[in-house]
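Taking it in order: structure first as structure tokens, then the write-up.
The values are calculated or read from the model by the stated rules, or taken from the named source; none is laboratory data. Everything numeric in this text was worked out from a predicted model, so none of it was measured. Cβ coordinates were reconstructed from backbone atoms using ideal geometry, including for glycine residues, and neighbour counts include every protein chain displayed.
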Amino acid sequence: MRPLFVRRARQLVTLAGSSAAPLVKEKMSDLHIIENGSVWIEHGTIVAVGADDELARQFADRLAEAEVIDAKGKTVTPGLVDPHTHLVYAGSREHEWTMRLGGATYMEIMNAGGGIHATTKATREASEEMLYEESKRRLDQFLLHGVTTVEAKSGYGLSLEHEIKQLEVAKRLDDTHPVDIVSTFLGAHAVPPEWKHDPDEYVRLVIDEMIPEVSRRGLAEFNDVFCERGVFTPDQARLILEAGKEHGLTPKIHADEIEPYGGAELAAEVGAISADHLLRASDEGLRRMAERGVIGVLLPGTAFFLMTKAADARRLIDAGVPVALATDCNPGSSPTVSLPLVMSLACLHMGMTPAEAMAAATINAAHAIGRAHLVGSLEPGKKADLVIFNVPNYMQIMYYYGVNHAETVIKGGKVVVNDGKVYI
Ligand SMILES: O=C(O)CC1=NCN=C1
Ligand SMILES: [Zn+2]
């Protein structure tokens, strides 16, 4: 395989030196940008990063054999990382969206049998092949937007058979698609209708049947719970997350999305790698998260789509909580794959700066799914996952919002997107 030399980026956003621990407070603004920067890649791995003339000298004797991509006038960043998606699902819920436009709330629709339950019905009825095809289409769109690593949750099967089906589809996508998938078991996404009469019995099913089997098959690294009033209580969530830890699954938690409910406190108590949403997290909960190093994954696209106020990222950053960003791609509360748009919303609705949003959608997102040793920054030894954005500086990725500026995507040293087309 020929070396790949990505040259002369007007801005090369490296985020160098951030792999050991997630960035907090003012460190979230240290992007370590190299003007007129270049990257030398061999066998899918970054070999060198630096000023173009330095690398041209260092590899002078091999320039002739290298494939060169000229990034002159453009911005090169690490491949974007999305640490919170519900990627694998069937169907769509635009009719519910029109109900919410008419004033119905998310929980009213869910309690009336819609919401997650509607997608559960469609996902249970879908074959594995159908689920794979529908999810692959979304994954192609993620890639076109510069996202090269995606976390994918189950949580629409809500039975052993169908939760396994979702996770098997995620694994097959990881094996066959350029985008790397990191899987999370979310059997505690909702209590399915058939267990409405006895939610604690469903919790037992999750603990005694689903978690052991998911762990035995090695189908997930993380275990997540939707801890919200009317879904799972903090006590139920604690039982489920502790059970996951006993089977080697690291805890994550959908916390304090709709009202303050102790999710952030619970995340710190169980040592979760991340707590997600946090729109209504208490100051005490954020303090404890910062103490334990729990990453706050914020989802401004969800707040935007639910027409609610977004989380206040400044509260988290000032409290010392490492902040990551994600799309929360799902058919009910955030039907989008555009992590760049989420970065724009982070600035417009959550008080983040473009520099903080860039760190939150790369290295901090990689830390939130245990992949910061592999991706999330451009440093020697890391995977050659890069995006060439056709803008002169990283701020314009977010400033010219709602536009996909990703022109070329390189995954593991291979060009997989060029001129806005996927080449797999
Ligand atoms: O509504 C959905 O399908 C996904 C979701 N889970 C928790 N909040 C939103
Ligand atoms: Zn979610």
Mind counting the residues in region 244-255 that are away from ligand 1 (no atom under 12 Å from the Cβ), farther than 14 Å from Arg292 by Cβ and buried (at least 24 other Cβ atoms within 10 Å of the Cβ)?
1
Considering Ala355, Ala281, Ala303, which residue is among the small types (Gly, Ala, Ser), more than 16 Å from ligand 1 (Cβ to nearest atom) and either under 19 Å from the mean Cα position of the chain (by Cα) or crowded, with 20+ Cβ neighbours inside 10 Å (or both)?
Ala355
Restricting attention to region 149-180, the residues that are buried (at least 24 other Cβ atoms within 10 Å of the Cβ) and of a type in the set (Val, Ile, Thr) number exactly 4
Sole residue being surrounded by 17 or more Cβ atoms within 10 Å (Cβ to Cβ) and more than 16 Å from the chain's Cα centre (by Cα), chosen from Gly146, Gly114:
Gly114
Number of positions in region 84-109 that are touching a helix residue (DSSP H, G or I) at 6+ places or on another chain (Cβ under 6 Å) and within 22 Å of Lys252 (Cα to Cα)
3
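For region 249-259, check the following and say yes or no: at least one residue is hydroxyl-bearing (Ser, Thr, Tyr), under 13 Å from Asp224 (Cβ atoms) and touching a helix residue (DSSP H, G or I) at 6+ places or on another chain (Cβ under 8 Å).
Yes, because at least one residue in region 249-259 is hydroxyl-bearing (Ser, Thr, Tyr), under 13 Å from Asp224 (Cβ atoms) and touching a helix residue (DSSP H, G or I) at 6+ places or on another chain (Cβ under 8 Å).
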Could you say whether any residue in region 119-127 is assigned by the TED database to the domain that holds Thr362 and in contact with a strand residue (DSSP E or B) (Cβ under 7 Å, 6 or more places away or on another chain)?
no
If you scan region 150-163, which residues turn out to be within 16 Å of ligand 2 (Cβ to nearest atom) and not polar (S, T, N, Q)?
Val150, Glu151, Ala152, Lys153, Gly155, Tyr156, Gly157, Leu158, Glu163
Looking only at region 194-214, decide whether some residue is touching a Leu at 6+ places or on another chain (Cβ under 7 Å) and either within 15 Å of ligand 2 (Cβ to nearest atom) or aromatic (Phe, Trp, Tyr) (or both).
no
Just to be sure before I move on: is Leu316 surrounded by 19 or more Cβ atoms within 10 Å (Cβ to Cβ), away from ligand 1 (no atom under 16 Å from the Cβ) and free of Cβ contacts under 8 Å to residues at least 60 places away in the same chain in the structure I sent?
yes
Is at least one residue of region 164-175 within 16 Å of ligand 2 (Cβ to nearest atom), modelled with pLDDT under 95 and not charged (D, E, K, R)?
no
Inside region 307-330, can you point out the residues that are within 22 Å of Gly370 (Cβ to Cβ), polar (S, T, N, Q) and out of contact with any strand residue (DSSP E or B) (no Cβ under 7 Å at 6 or more places or on another chain)?
Asn330
Under 6 Å by Cβ, and 6 or more places apart or on different chains, what pairs join a residue from region 390-413 that is over 11 Å from Met343 (Cβ atoms) and outside the structural domain of Asp180 (by the TED database) with one that is in a loop (DSSP other than H, G, I, E, B) and among the charged types (D, E, K, R)?
Asn390/Lys74; Lys411/Asp385
Taking the options Val49, Val81, name whichever one is touching a helix residue (DSSP H, G or I) at 6+ places or on another chain (Cβ under 6 Å), among the β-branched types (Val, Ile, Thr) and outside any loop (DSSP other than H, G, I, E, B).
Val81
What do you reckon, is Thr327 among the polar types (S, T, N, Q), more than 17 Å from Lys252 (Cα to Cα) and within 16 Å of ligand 1 (Cβ to nearest atom)?
no
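Table: residues versus (1) more than 13 Å from ligand 2 (Cβ to nearest atom); (2) out of contact with any Pro (no Cβ under 8 Å at 6 or more places or on another chain); (3) of a type in the set (S, T, N, Q).
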residue	(1), (2), (3)
His277	no, yes, no
Ser282	yes, no, yes
Glu291	yes, yes, no
Leu299	no, yes, no
